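K.L.:
Once you've had a glance at the structure underneath, I'll fire off some questions.
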Amino acid sequence: MREHRYFVYLMTNPGNRVLYTGVTGNLSKRVTEHRYGLVEGFSKKYNTRKLIYYEETDYINAALEREKQIKGWLRSKKIALIQSINPKWDDLSQLIGT
């Protein structure tokens, strides 16, 4: 049984204009916080409410390093990553139980 799970995730706003990359130990809770505007700063300002990509790891350091890597990418590379698993940019939050 896994003791810890960590997630790197990408959220977007209506119209898919903005991409937000984050890391969390509780993806369901974090997506709910985004959805209701409880995440201050960039996410709240740009209304990032839709989960469009996530990946999971057992190690916090791996998750933080991956988040940093993705944040450093050009938008086009982030879009390619999203489309590799979610070509229609569907909201994936139902898959995680939110």
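The values are calculated or read from the model by the stated rules, or taken from the named source; none is laboratory data. Please read all numbers here as calculations on a predicted model, not as lab measurements. Cβ sites come from the backbone with ideal geometry, for glycine too, and all protein chains shown count toward neighbours.
K.L.:
Could you check, for segment 9-25, whether at least one of its residues is at pLDDT 95 or above, loosely packed, with under 13 Cβ neighbours inside 10 Å and either hydroxyl-bearing (Ser, Thr, Tyr) or outside any loop (DSSP other than H, G, I, E, B) (or both)?
P.N.:
Within segment 9-25, not a single residue is at pLDDT 95 or above, loosely packed, with under 13 Cβ neighbours inside 10 Å and either hydroxyl-bearing (Ser, Thr, Tyr) or outside any loop (DSSP other than H, G, I, E, B) (or both).
K.L.:
Could you figure out which of (1) of a type in the set (Val, Ile, Thr); (2) at pLDDT below 95; (3) under 24 Å from residue 88 (Cα atoms) isn't true of residue 39?
P.N.:
Residue 39 satisfies every listed condition except (3).
K.L.:
Here's another thing I want to ask about it. What residue, among those in segment 26-69 that are assigned to a helix (DSSP H, G or I) and of a type in the set (A, V, I, L, M, F, W, C), is nearest to residue 4 (Cα to Cα)? Give the steps one after another, and end with the answer.
P.N.:
Our first condition is that a residue be assigned to a helix (DSSP H, G or I); within segment 26-69, this holds for 27-35, 42-45, 60-69.
With of a type in the set (A, V, I, L, M, F, W, C) added as a condition, the list becomes 27, 31, 42, 60, 62-64.
Values: 27: 12, 31: 18, 42: 27, 60: 9, 62: 12, 63: 12, 64: 14 Å.
If we take residues in segment 26-69 being assigned to a helix (DSSP H, G or I) and of a type in the set (A, V, I, L, M, F, W, C), then 60 is nearest to residue 4 (Cα to Cα).
K.L.:
Could you list, in sequence order, all residues of segment 50-88 that are under 20 Å from residue 30 (Cα atoms) and among the aromatic types (Phe, Trp, Tyr)?
P.N.:
Residues satisfying the conditions are 53, 54, 59.
K.L.:
Out of the residues in segment 43-67 meeting the condition of being within 12 Å of residue 8 (Cα to Cα) and either over 12 Å from the mean Cα position of the chain (by Cα) or among the polar types (S, T, N, Q) (or both), tell me which one is surrounded by the fewest Cβ atoms within 10 Å (Cβ to Cβ). Write out each step before concluding.
P.N.:
First pass over segment 43-67, keeping only residues within 12 Å of residue 8 (Cα to Cα): 51-67.
Cutting the leftovers down to either over 12 Å from the mean Cα position of the chain (by Cα) or among the polar types (S, T, N, Q) (or both) gives us 57-62, 64-65.
Working: 57: 17, 58: 11, 59: 12, 60: 13, 61: 9, 62: 15, 64: 14, 65: 14.
Residue satisfying both the conditions and the ranking: 61.
K.L.:
Could I ask something else about it? Search segment 26-42 for residues being buried (at least 20 other Cβ atoms within 10 Å of the Cβ) and not β-branched (Val, Ile, Thr), and hand back the single one that is farthest from residue 96 (Cα to Cα).
P.N.:
Ranking the candidates gives 34 first.
K.L.:
Sticking with this one: Of a type in the set (A, V, I, L, M, F, W, C) and surrounded by fewer than 19 Cβ atoms within 10 Å (Cβ to Cβ), is that true of residue 70?
P.N.:
Details: of a type in the set (A, V, I, L, M, F, W, C): yes; surrounded by fewer than 19 Cβ atoms within 10 Å (Cβ to Cβ): no.
When the stated conditions are applied, residue 70 does not pass them.
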